[in-house]
Amino acid sequence: MRKKVIATTLVATTLVGTVLGLTGCGSDSRTADGKIHISMLQYKPEAVKAFEKMQEEFNATHDDIYLTIESPNDAMTVLRTRFIKEDVPDIIGIGGDVNYSNFLDAEMLMDISDFEGLSTIKQAYLDIDKNLEFVPLEGTYAVPYVANAAGVLYNREMFQENGWEIPTTWDEFMELCETIKASGQQPLYFGFKDVWTCLAPWNALAVDLAPADVCRQVNKGETLFANEYDDVAEKMLELLQYAQNDPFAYNYNDACTAFANGESAMYCIGSYAVPQIQSVNPDMDIDSFVMPGSNNADENILNSGVDLQFCVTADCEEKEAAYEVLSFLLEDSTIQTYLDDQNAVPCKDSTFKLPSSLDGMLGHINAGKMADYQDHYYPAEMSVDAQIQTFLLNQDVDAFLNKFDTDWVRYNRDIIRKVQEYEAQNAEGGNE
Amino acid sequence: MKKLSRNQTFMLITIPVLVLFFVFNTLPLIKGFMYSFTNFKGFGSYDMVGIRNYTDLFTDARVGKSYLFTFKFAVLATIVTNVIGLLLALGLNGKIRAKSALRGIYFVPRILGGLVVGYIFGYIFTYILPALGLGSSMLSSTKTAWIAIVIVAAWQAIAQTTLIYISGLQTVPADVYEAGAIDGATGWIQFKELTFPLIIPFFSINLVLSMKDFLMVFDQIMALTKGGPAQSTESISYLIYQNGITGGQFGFQSANAVIFFIVIVAISVFQLNFTSKKEEQL
């Protein structure tokens, strides 16, 4: 009997021990080997090779700091879970989107305005990040690293064979689609089964046709989406005429594969899709042009946003070491490593070798004629992407935009309240 | 050391299980319940908002739609699964050749992961069926996408349902059939008057299990439609995951999860009560 009791107690203690042990292993020893450990988590799993190279290079050249970079799948979920567990990485590499705004709002990030590397970044990108703050904050919280550009990718070979011209206005674009269709080829291909791909043409059209700060204007109660997005919605429907049969049956991978195999002449998506397309067809000659949403060619702006930026988390204890890592990441050779692997536009003001798939957008990039993705201001839980998909299926512009306006108020009430409080406080200061 | 009584030893044995259950089940439940009164995004600072999340739940069209879809889906899938499962069990319980091999083969879908099955069927729906000239993809239309999910979910669930029915059929003693045969009960009458009343306990456990599984449908939706097209196939679990974890609505979806938990408990209790009244004992 006694043996049994002992055995049971043993099992019980081991099990309880395991449970307690699990909660205890989050905090690792920072300086077990005398080095400062800096952990970094970045959200682009497709760039894992480039980051592995950077990590290796950094650790080979630094004796006092040990850097680990994680590139998990679905990093935003991983990151949120780690924030809950309070096991926060020192540096995070995220996109300049609503998640960044939310992290700022939740006071998770550190003010890094004293970081010297910031002066080498193009002002346009620092401004884009500044605009992502729900209410303007003191200081700088992110180093923009690379941007992406969205518009229309096209198959350069097909265009040259057929003598098609790159359109600069909406009418030219529609005419081109008509010509391609008449020649028996497929003008556009969409992967609308994955709802987020609906946002690619939507954003590219919206920067041409709606004011850049439309969301902020709506939050202040100055306008409605029904007025500003009317044209965008109509033009989405026009694009749909030139899509393949049943575009809602195919997902992003299907569309990339089809475009890579020459099944369509153009594909409305961002430059981030190029590596995926080239994984199917490495020899493909891809170029891109700015989405010509307006009939006035001067109004057509490149849709470009911060694709990857680095932030130091508020809980980071080794600020100096973190800055050292950031400086390393911003060296020209490190950035070039990233650019060679990924198809991206650097945010640093220096000379780099850009991929040929951005040729058609260089004019706009160099002139700084670009605006951020409007969906970076949409709250994730509102699922605007799914709403656009719904609208493209039932094709009712008014119902879609009315729902957009009602939902916007419902999902943003905490932010709208904040913005209006801020406006009331700063009304006399004339801060706007 | 005082000798423990037999009962005390048993109590001691349950402690580790109790601790594990409490830490991994009860504690998260209580925490989720607390979060349902906040505007927690899943990270960072948050405020208490009282019962706002609960009042919002009843006015949120998307949540309402997901409940409608989930129930429509669960009812149809439960019927399909149980009818086909029972038919298969009757067949596999008969005097046929290669019975054991067939039983093994029919159980294979259960072993495969839900996501794997989903992706394979996704490919079939998107490329193979249209290529065979069977119209466009079932997954791209709001009218047919949910039926496609029923097909996949039922295909996988039938395996376990069949297995439970087979074990049920084996509990019916042969002499009952012999006695029945003397009174002229064969074929359909035999099934209706003898077999079915005797396997009602298995019928009720199958109803409860499959209804509960289908109400919590997730894998198939993740792999087949991701809630689309036009948010027409968002199940409650999918919505809770999607908006709670990645959409920054942790607090609101916690409230949704609490309500959903109550709904599932209520349905299971009702089903068990309802079918237990119809059970026959030999």
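The values are calculated or read from the model by the stated rules, or taken from the named source; none is laboratory data. The model shown is predicted, which means the values in this text are computed figures rather than measured ones. Methodologically, a virtual Cβ is constructed for each residue, glycine included, from the backbone with ideal geometry; neighbour enumeration extends over all protein chains shown.
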Check whether at least one residue in the stretch A:93-105 is within 23 Å of A:GLN336 (Cβ to Cβ), within 14 Å of another protein chain (Cβ to nearest Cβ), among the aliphatic types (A, V, I, L, M) and outside any helix (DSSP H, G or I), and report yes or no. yes
Determine whether the stretch A:202-213 contains at least one residue that is in contact with a Pro (Cβ under 8 Å, 6 or more places away or on another chain), under 18 Å from A:SER304 (Cβ atoms) and of a type in the set (S, T, N, Q). no
Pick from A:GLU331, A:GLU318, A:GLU263: which is within 14 Å of another protein chain (Cβ to nearest Cβ) and out of contact with any helix residue (DSSP H, G or I) (no Cβ under 6 Å at 6 or more places or on another chain)? A:GLU263
Which numbered condition B:LEU57 misses (of (1) aliphatic (A, V, I, L, M); (2) touching a Phe, Trp or Tyr at 6+ places or on another chain (Cβ under 9 Å); (3) away from every other protein chain (no Cβ under 13 Å); (4) under 28 Å from A:ARG410 (Cβ atoms)): (3)
Pairs returned, first residue in the stretch A:35-49 that is part of a loop (DSSP other than H, G, I, E, B), second residue that is surrounded by 21 or more Cβ atoms within 10 Å (Cβ to Cβ) and of a type in the set (Asp, Glu), beta-carbon separation under 9 angstrom, 6 or more apart or interchain, are A:LYS44/A:ASP307
Tally up the residues in the stretch A:381-428 that are without any contact (Cβ under 8 Å) to a residue 60 or more places away in the chain, in contact with a helix residue (DSSP H, G or I) (Cβ under 8 Å, 6 or more places away or on another chain) and of a type in the set (Ser, Thr, Tyr), please. 2
Of all residues in the stretch B:210-256, count the ones that are more than 9 Å from every other protein chain (Cβ to nearest Cβ), among the small types (Gly, Ala, Ser) and not in a helix (DSSP H, G or I). 1
Considering only residues of the stretch B:88-119 that are touching a helix residue (DSSP H, G or I) at 6+ places or on another chain (Cβ under 9 Å) and among the β-branched types (Val, Ile, Thr), which is farthest from the other protein chains (Cβ to nearest Cβ)? B:ILE96
What about A:LEU393, is it hydrophobic (A, V, I, L, M, F, W, C) and either within 19 Å of A:ASP208 (Cβ to Cβ) or not assigned by TED's automatic domain parsing to the domain that holds A:ALA206 (or both)? no
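One line per residue, one yes/no per condition, for (1) under 30 Å from the mean Cα position of the chain (by Cα); (2) over 30 Å from B:MET216 (Cα atoms); (3) hydroxyl-bearing (Ser, Thr, Tyr):
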| position | (1), (2), (3) |
| --- | --- |
| B:THR162 | yes, no, yes |
| B:ILE166 | yes, no, no |
| B:THR171 | yes, yes, yes |
| B:GLU178 | no, yes, no |
| B:THR195 | yes, yes, yes |
Could you list, ordered by first residue, the pairs with Cβ atoms under 7 Å in which the first is in the stretch A:184-204 and at negative phi and the second is in a helix (DSSP H, G or I) and among the aromatic types (Phe, Trp, Tyr), at least 6 apart or interchain? A:TYR189/A:PHE259; A:GLY191/A:TYR252; A:PHE192/A:PHE248; A:LYS193/A:PHE248; A:ASP194/A:TYR252; A:THR197/A:TYR252
Search result, residues across the stretch B:151-191 that are surrounded by 12 or more Cβ atoms within 10 Å (Cβ to Cβ) and either within 14 Å of chain A (Cβ to nearest Cβ) or of a type in the set (Phe, Trp, Tyr) (or both): B:TRP155, B:TYR165, B:TYR177, B:PHE191
Looking at the stretch A:113-134, can you tell me whether even one residue there is within 14 Å of chain B (Cβ to nearest Cβ) and either of a type in the set (S, T, N, Q) or farther than 21 Å from A:TYR272 by Cβ (or both)? yes
Among A:GLU324, A:GLU317, which is the only one that is modelled with pLDDT of 85 or more and either part of a loop (DSSP other than H, G, I, E, B) or on the phi > 0 side of the Ramachandran plot (or both)? A:GLU317
Residues being surrounded by fewer than 10 Cβ atoms within 10 Å (Cβ to Cβ) and within 10 Å of chain A (Cβ to nearest Cβ): count how many of those fall in the stretch B:3-16. 2
Scan the stretch B:74-92 and tell me whether some residue there is part of a loop (DSSP other than H, G, I, E, B) and farther than 22 Å from B:PHE218 by Cβ. no
Is it fair to say B:ALA148 is assigned to a helix (DSSP H, G or I), within 14 Å of chain A (Cβ to nearest Cβ) and farther than 19 Å from B:ALA89 by Cβ? yes
Go through B:VAL83, B:VAL75, B:VAL19, B:VAL49 for me and flag whichever is at pLDDT 90 or above, within 11 Å of another protein chain (Cβ to nearest Cβ) and surrounded by 12 or more Cβ atoms within 10 Å (Cβ to Cβ). B:VAL19
Being in contact (Cβ under 8 Å) with a residue 60 or more places away in the chain and out of contact with any Asp or Glu (no Cβ under 7 Å at 6 or more places or on another chain) narrows B:ALA159, B:ALA181, B:ALA145 down to just B:ALA145
When A:GLN217 is run through (1) over 23 Å from the mean Cα position of the chain (by Cα); (2) without any contact (Cβ under 8 Å) to a residue 12 or more places away in the chain, the failure sits at (1)
Here are some conditions: (1) within 16 Å of the chain's Cα centre (by Cα); (2) not in a helix (DSSP H, G or I). B:THR142 meets all but one. Which one does it not meet? (1)
Of the residues in the stretch A:58-69, those that are assigned to a helix (DSSP H, G or I) and either among the hydroxyl-bearing types (Ser, Thr, Tyr) or over 26 Å from the mean Cα position of the chain (by Cα) (or both) come to A:ASN59, A:ALA60, A:THR61
Tell me, which helices (runs of 4 or more DSSP H) wholly within the stretch A:353-426 include 2 or more residues that are modelled with pLDDT of 85 or more and within 20 Å of A:ALA226 (Cα to Cα)? A:384-394, A:397-411
Given the structure, is A:VAL195 modelled with pLDDT under 90, in the same structural domain as A:GLN336 (by TED's automatic domain parsing) and either surrounded by fewer than 21 Cβ atoms within 10 Å (Cβ to Cβ) or within 17 Å of A:ILE269 (Cβ to Cβ) (or both)? no
Give me the residue from the stretch A:342-397 that is within 30 Å of B:GLU234 (Cα to Cα) and among the small types (Gly, Ala, Ser) and, out of that set, surrounded by the most Cβ atoms within 10 Å (Cβ to Cβ). A:SER383
Which residue out of A:LEU199, A:LEU224, A:LEU209, A:LEU176 is of a type in the set (A, V, I, L, M) and within 14 Å of chain B (Cβ to nearest Cβ)? A:LEU199
